[in-house]
Amino acid sequence: MYAGGEDPAIYMQTAFGNVTDNEIEMHTVVGVVIANKDRLRQGELKAMSWPEWISEHFVLQDASGEVLELQRTNNSKLIKQHEVVGTQEFFLVTKLEIGQDYTFDYIPEIGAAKCYRREFTAPSSPEKVRQYLFSMVDR
């Protein structure tokens, strides 16, 4: 932590695989700490649905700005349990166009002026799970 009370960057585990035609799947681990943060709506006793929570906290866009849908799954065919650092709550899965540029944001607080971002190009071949750096940026 730095003086401002926020981490300047975080790591998220991601793997790529299941290549078909011009697409590759991306599987990202969402850990327990991230998943249990901010799930209750302000002033309400009922938690957000997972799809609603995911859309509020994770935004994956292609180079044209189109937002891609992220599916929540309880397991991953690309990431083995023993490969996960920490405790996962679930996985985010989507298909990407090979060679396309993407921007992936994790928004820890709804409405915040800052988020954690990773910009990358979808690989053309499978990549084993590894930690990717998401740096804090202004939204």
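Just so you know, all these numbers are worked out from the coordinates, no wet-lab data involved. Quantities reported herein were computed from a predicted structural model and do not represent experimental measurements. Backbone-built Cβ (ideal geometry, glycine too); neighbour counts: all protein chains shown.
Odds and ends about this structure:
- Pair D101, T121: separation of 7 Å Cα→Cβ label points (nm): 1.0 nm
- With kT/(6 pi eta Rh) evaluated at 25 °C and eta = 0.890 mPa s, and Rh the Kirkwood radius from Cα pairs, the range 9-138 diffuses with a coefficient of 161 µm²/s according to Stokes-Einstein.
- Cα→Cβ-extended label distance, 7 Å offset, between R72 and V32, nm: 1.7 nm
- Exposure rule at most 15 other beta-carbon atoms within 10 Å, DSSP loop GluC sites (Glu not before Pro): the chain longest free segment: 70-108
- When the helices of the chain are scored as -39500 (n - 2.57) per DSSP H run of n ≥ 4 and the total is divided over every residue, the value at 222 nm lands at -2000 deg cm²/dmol.
- Separation of the E56 and E89 label points, Cα + 7 Å toward Cβ, nm: 1.1 nm
- Furthest towards positive pole of dipole, L133, P108, V32, structure part the range 9-138, Cβ charges: V32
- Highest-fluctuation residue, I110, I79, I98 considered, GNM on the chain with Cα pairs under 10 Å: I110
- Taking Lys and Arg as +1 and Asp and Glu as -1, the other residues whose beta-carbon sits under 14 Å from that of R130 total +1.
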